[in-house]
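Everything on this sheet refers to the single structure shown next.
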Amino acid sequence: MFKMIPKKIRTLSLALACVLALPYGSAMAAESAAIPTVEKSQAAPAGAGEWDYVGSSTFTYSSAVAKSAGGDFLVCLESGPSGYYNLYEDDPDGNADERVGYVYLYAGACGAFRSIGGFVDGDNNRAEFYVYKAFGGTATVSFYD
């Protein structure tokens, strides 16, 4: 049966099948990095020191903004649905917000975003971050700098 189908059509069909088999998220992978999930007790800061609590936010889709001095930034899901949570840099000056990365979180899990000093800007020398999720349900996250 395969001998009856011209080789070019078979090759094109195979290539199309491979492209369609890739998950949609793979195309977005170059935009930002996936962050490994860690338990809160194992989320150590990269350098010497401790995590400083910055605040928390209860939200449905977008959290409140938390400010960071740079270095590392920790987001922990205190309660809410499991899923992929995106960290964005808030840019109120009319520029598009930038996605810093994303992490799969479940209650009690954290994502440590490392070396985020490049997002520090403005007169206050701070990076402004918020969490976004594209699914329903109320979530509470805590921020640490």
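The values are calculated or read from the model by the stated rules, or taken from the named source; none is laboratory data. Computed from a prediction, not measured in an experiment: that's the story for all the values here. Here the Cβ positions follow ideal geometry from the backbone for every residue, glycine too, while neighbour counts run over all protein chains shown.
Remarks
- Sole residue being buried (at least 21 other Cβ atoms within 10 Å of the Cβ) and either within 13 Å of the chain's Cα centre (by Cα) or farther than 18 Å from ALA43 by Cα (or both), chosen from PHE143, PHE135, PHE113: PHE113
- Residue check for ALA127: closer than 14 Å to PHE59 by Cα, out of contact with any Cys (no Cβ under 9 Å at 6 or more places or on another chain) and in contact (Cβ under 8 Å) with a residue 40 or more places away in the chain: no
- Residue in the range 94-109 that is under 13 Å from CYS76 (Cβ atoms), surrounded by 18 or more Cβ atoms within 10 Å (Cβ to Cβ) and in contact with an Asp or Glu (Cβ under 8 Å, 6 or more places away or on another chain) present: yes
- Residue in the range 31-42 that is surrounded by fewer than 16 Cβ atoms within 10 Å (Cβ to Cβ), modelled with pLDDT of 90 or more and outside any strand (DSSP E or B) present: no
- Of all residues making up the range 116-132, the number that are out of contact with any strand residue (DSSP E or B) (no Cβ under 6 Å at 6 or more places or on another chain) and surrounded by 14 or more Cβ atoms within 10 Å (Cβ to Cβ): 1
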